[in-house]
1. Can you tell me which residue is farthest from the chain's Cα centre (by Cα) among those in segment 14-70 that are under 21 Å from LEU4 (Cα atoms), acidic (Asp, Glu) and in a helix (DSSP H, G or I)?
2. Within the group VAL45, VAL30, which residue is farther than 26 Å from TRP66 by Cβ, surrounded by 14 or more Cβ atoms within 10 Å (Cβ to Cβ) and aliphatic (A, V, I, L, M)?
3. Which numbered condition in (1) surrounded by 17 or more Cβ atoms within 10 Å (Cβ to Cβ); (2) free of Cβ contacts under 8 Å to residues at least 24 places away in the same chain is the only one that ALA17 fails?
4. Does segment 67-76 contain at least one residue that is at negative phi and touching a residue at least 24 places away in the same chain (Cβ under 8 Å)?
5. Out of all the residues in segment 48-79, which are surrounded by 11 or more Cβ atoms within 10 Å (Cβ to Cβ) and β-branched (Val, Ile, Thr)?
Amino acid sequence: GDQLPIEMRVVHLAEVAEVHLRRGGPDAAVALAEARAGSQFDPAVVAAFTAAAPEIFTGLLDEDVWTAALDQAPDRDRT
């Protein structure tokens, strides 16, 4: 609830929304957030998310997050 810092409430929604974005696309991620607003997710965070969803989603499906994470590993030669 409101006892959690806003940053944690945003991250909580972001983690779940990203999974649903990758599994079902943008509409699925937004629908899930809206369906769980007021229960699993802070309604104010959901409102901000849904208002900005097209901008938030831009390019996310183009990125292979596993490869991007591995590329940043300290043992990788970046030269």
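Derivation of every value follows stated rules applied to the coordinates shown; laboratory data play no part. In this text the structure is predicted, and so the values were computed from the model without any measurement. Backbone-built Cβ (ideal geometry, glycine too); neighbour counts: all protein chains shown.
1. Restricting to residues being under 21 Å from LEU4 (Cα atoms), acidic (Asp, Glu) and in a helix (DSSP H, G or I), the top hit is GLU34.
2. Just one listed residue meets the conditions, VAL45.
3. The number of the failed condition is (2).
4. No: zero hits.
5. Correct list: THR50, ILE56.
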